[in-house]
Amino acid sequence: MKVGFVGLGQMGSAIAANLVKAGHEVTVYNRSAGKADPLVKLGARKAAQLADACRGEAVITMLADDNAVSDTVWGDGKLLATLPQRAIHVSMSTISVALSKRLTEAHADAGQRYIAAPVFGRPEAAAAAKLFIVPAGDPAAVAACQPLFDAAGQKTVPMGTDPSVANLIKLSGNFLIAAMIESLGEAIALVGKAGVDRKAYVELLTATMFPAPPYRIYGELIAAGKFEPAGFAAPLGHKDVRLTMAAAETLRVPMPIVSLLHDRFLRLLAQGGEKLDWSAIGGLATEDAGSILGA
């Protein structure tokens, strides 16, 4: 499949690499052009400008936030102006429900197709093509992109015809992970201050009642107090919590825990945690307890 890929952060670079390895004709673009070089060595084409990545059957965007996506889509020489009619914009970014609705309307007006396909998984899962992909949109467009999803992930779970639903599901999932990180951090702080070996405690939990990968991955990070390098940076976690709050307000759904998480991220960022993994909010309870992280 002839596809463009825009946004070569940790996740985007890993996904684009797997598309190249699967035999797709991939043209990559990133504002920091140097990030494209490793992919060119694999066989990708490097776009000199954004428009050059938007001339195929589909273009995938994997960008940090609403502003980055909007700056990529709207304007002269940008995605909306250069993508061919009937071509597909696949947004894998974690963005707001409101922006996803706006993108759906804009692409329809331009005669293009748009699907949201956010993913669950950290960079190591993306590198191993083990992501879980949640697409929503026109079923024919989703089906056309299935070879791309097969190359990037271990499972694809379509969630209907409204792209914004996929974005809401992604935000709800990240909310649940953040809530787990906070509660796990509090439990580790509790037993740690009583003298229990924190790493052994996490091993016990993940071998018995909580065998899900997030408990193991984040439990190990919290127990060790190891929050660098960031697999998913704290500002992005804060952004997702804010977007969840916005969706909850629009739908008039009280979510007290998301408000607590918002404050925890604010505290972490206020204390200089911008470069830390988002699991660092799980270390705040240890600090509150007067203990030493990683002890």
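The values are calculated or read from the model by the stated rules, or taken from the named source; none is laboratory data. Note that the structure is a prediction, hence the values are computed from the model and not measured. Ideal geometry is used to build each Cβ from the backbone, glycine not excepted, and the neighbour counts take in all protein chains shown.
The figures follow:
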{"quantity": "Which numbered condition LEU243 fails, given (1) touching a Gly at 6+ places or on another chain (Cβ under 6 Å); (2) at pLDDT 95 or above", "calculated": "(1)"}
{"quantity": "Where a residue in the range 110-127 is without any contact (Cβ under 8 Å) to a residue 40 or more places away in the chain and its partner, wherever it lies, is in a helix (DSSP H, G or I), with Cβ under 6 Å and at least six apart", "calculated": "ALA110/LEU80; ARG113/ALA141"}
{"quantity": "Test: residue in the range 70-83 that is in contact (Cβ under 8 Å) with a residue 12 or more places away in the chain, under 25 Å from LEU251 (Cβ atoms) and touching a Lys or Arg at 6+ places or on another chain (Cβ under 7 Å)", "calculated": "no"}
{"quantity": "Complete set of residues in the range 145-190 that are over 14 Å from the mean Cα position of the chain (by Cα), part of a helix (DSSP H, G or I) and within 30 Å of GLU25 (Cα to Cα)", "calculated": "GLN146, PRO147, LEU148, PHE149, ASP150, ALA151, PRO163, SER164, VAL165"}
{"quantity": "Residue list for the range 52-68, restricted to those being part of a helix (DSSP H, G or I) and either modelled with pLDDT under 95 or in contact with a strand residue (DSSP E or B) (Cβ under 6 Å, 6 or more places away or on another chain) (or both)", "calculated": "ALA53"}
{"quantity": "Residue match in the range 37-49 (condition: buried (at least 17 other Cβ atoms within 10 Å of the Cβ), modelled with pLDDT of 95 or more and either touching a His at 6+ places or on another chain (Cβ under 9 Å) or part of a loop (DSSP other than H, G, I, E, B) (or both))", "calculated": "yes"}
{"quantity": "Number of the condition not met by VAL196 [criteria: (1) hydrophobic (A, V, I, L, M, F, W, C); (2) surrounded by fewer than 17 Cβ atoms within 10 Å (Cβ to Cβ); (3) part of a loop (DSSP other than H, G, I, E, B); (4) in contact with a Leu (Cβ under 7 Å, 6 or more places away or on another chain)]", "calculated": "(4)"}
{"quantity": "Yes/no for GLY237 being in contact (Cβ under 8 Å) with a residue 12 or more places away in the chain, in contact with a helix residue (DSSP H, G or I) (Cβ under 7 Å, 6 or more places away or on another chain), buried (at least 18 other Cβ atoms within 10 Å of the Cβ) and over 19 Å from THR94 (Cα atoms)", "calculated": "no"}
{"quantity": "Residues being more than 16 Å from the chain's Cα centre (by Cα) and part of a strand (DSSP E or B) - total across the range 107-135", "calculated": "2"}
{"quantity": "Scope the range 99-143; condition aliphatic (A, V, I, L, M) and surrounded by fewer than 19 Cβ atoms within 10 Å (Cβ to Cβ); matching residues", "calculated": "ALA106, ALA108, ALA110, ALA127, ALA128, ALA140, ALA143"}
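Yes/no per residue for (1) in contact with a strand residue (DSSP E or B) (Cβ under 8 Å, 6 or more places away or on another chain); (2) aliphatic (A, V, I, L, M); (3) assigned by TED's automatic domain parsing to the domain that holds PRO229:
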{"site": "LYS21", "(1), (2), (3)": "no, no, no"}
{"site": "SER32", "(1), (2), (3)": "no, no, no"}
{"site": "GLN49", "(1), (2), (3)": "yes, no, no"}
{"site": "ASP76", "(1), (2), (3)": "no, no, no"}
{"site": "ALA81", "(1), (2), (3)": "no, yes, no"}
{"site": "GLN85", "(1), (2), (3)": "no, no, no"}
{"site": "LEU103", "(1), (2), (3)": "yes, yes, no"}
